[in-house]
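The values are calculated or read from the model by the stated rules, or taken from the named source; none is laboratory data. Since this is a predicted model, take the numbers as computed values, not measurements. Methodologically, a virtual Cβ is constructed for each residue, glycine included, from the backbone with ideal geometry; neighbour enumeration extends over all protein chains shown. The area values use the complete protein model at the heavy-atom level, side chains included, leaving out ligands, DNA and RNA. Shrake-Rupley method; radii C 1.70, N 1.55, O 1.52, S 1.80 Å.
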Amino acid sequence: MRIIGLTGGIATGKSTVSNLFKANGFPVVDADVIARDVLKKGGGGWRKVVAAFGEDILLANGEVDRPKLGQIVFGDPSKRQLLNRLLAPYISNGIFWEVFKLWIKGYIIIVLDVPLLYEAKMDRWTNPNMVVWIDPETQLKRLMARDRTSAQDAQNRINAQMPLDLKRSKADIVIDNNGLLEDLDENFKKILDQVTKPLTWTEFWLSRQGAIVAFMLILTGVIGCKKLLARV
C-alpha cells in the first residue's frame, strides 16, 4: 500500500490538488474533514475544546463557532498549540480508521491530505510526501482575496503555520502552484507518473493483496509441514 502525504500552506491550492487526485480516481483522506467531525457537538474533541476555551466559542445550537475559535488560536501561539494537542489524538484515530477502511476495500494508493503533516510527524508514515508551494507574495495576495481580509490578518495566519520553504525542503515532490490552473493541471499529470509507478515490495506486502498472498504462503507452508511430518 502506498500512502501519499499531501500538504501545503494556507491559500497555496492544496485543496485543488486534492480534488485533482479525487477526479483521477484516487481516494483521499482529508484531515480537515475529520477535524470538523471531531469538533461536532457532544463528541470527545468537542468536550475537550469547550472545557479548555469556554462556552463563548459556541454557537446558539451548541456547535463550535469555528471562525471565532480560529481567530483565538491564530492570534495566540500557546492557544494554537493547546488546540492541536487536544485534537491530535482524535484526528489521528480518525485518519487511521479511514485508511484502514480503504485498505479493507483493496486500494493500493491512498492520498493523505494533512495540513500539519510535518508538524504532527505524520510524514513518517507517508511516502512520497508532496508540498504544494507558492512564493510568499502570491500566498499573501491569494489569501487576502479569498478571505477578504487585511494584509496584517492574512500575514498573521500565514505566520501561524510552518514556513512553506521549510516544508518544501522536507518534501519528496514539490508542486509549484504559482501559475494558472492550466499550469497546475500540466504539473499534476507529471506527478501522476511518479506516484503510480509499481509498488515496492515493502508497499506490496503492506497492501491487502500482499497480506492475502502472505497468508496463503504461510497457510501453504503449514499444510506442507504437516504432510511432511505425517510421512515421517
Practice item. Give the percent of DSSP beta bridges with both residues in the range 1-160 that are antiparallel, rounded to the nearest 5. Key: 10 percent
Check your understanding: Between Asp76 and Phe100, what length in nm is gained on full extension when 0.36 nm per residue of separation is reduced by their alpha carbon distance?
Key -> 5.1 nm
Check your understanding: Of all accessible surface on the chain at a 1.4 Å probe, what whole percent is carbon and sulfur?
Key -> 59 percent
Exercise for review: Quote the FRET efficiency, to the nearest 0.05, computed for Lys190 versus Gln152 with a Förster distance R0 of 45 Å and r equal to the Cβ-Cβ distance.
Suggested key: 0.75
**Study point:** Violating pairs (Cα-Cα greater than 26 angstrom) within the set Lys68/Lys101; Lys40/Lys189; Lys14/Lys68; Lys101/Lys197; Lys41/Lys141
**Key:** Lys68/Lys101; Lys40/Lys189; Lys41/Lys141
Review point. Rounded to the nearest whole Å², what accessible area per residue is found for the chain with the 1.4 Å probe?
Key: 59 Å²
Point to revise | Dipole magnitude of the chain, debye to nearest 20 (Cβ charges: Lys/Arg +1, Asp/Glu -1, about Cα centre) | key: 1120 debye
Review point. Could you give me the ³J(HN,Hα) list for the range 52-65, computed from phi with Karplus coefficients 6.51, -1.76, 1.60 and θ = phi - 60°, whole Hz, x at Gly and Pro?
Key: 7, 10, x, 6, 5, 8, 9, 7, 4, 8, x, 6, 6, 7
Review point. Taking a ≥ b ≥ c as the square roots of the eigenvalues of the Cα gyration tensor of the range 1-95, is the shape rounded (a/c under 1.5), prolate (a/b larger than b/c) or oblate?
Key: prolate
Check your understanding: By how many nm would the segment from Met144 to Trp125 lengthen if fully extended, with 0.36 nm per residue of separation less the alpha-carbon distance?
Key -> 3.5 nm
Check your understanding: What ranking, highest mean first, results for peptides 2-14, 154-166 when packing means the other Cβ atoms within 10 Å averaged over each residue?
Key -> 2-14, 154-166
**Study point:** C-alpha center-to-center spacing [the range 117-146, the range 1-70] in angstrom
**Key:** 16 Å
Exercise for review: Note down the relative contact order for the chain as a percent, whole number, built from C-alpha pairs under 8 angstrom at least six residues apart.
Suggested key: 33 percent
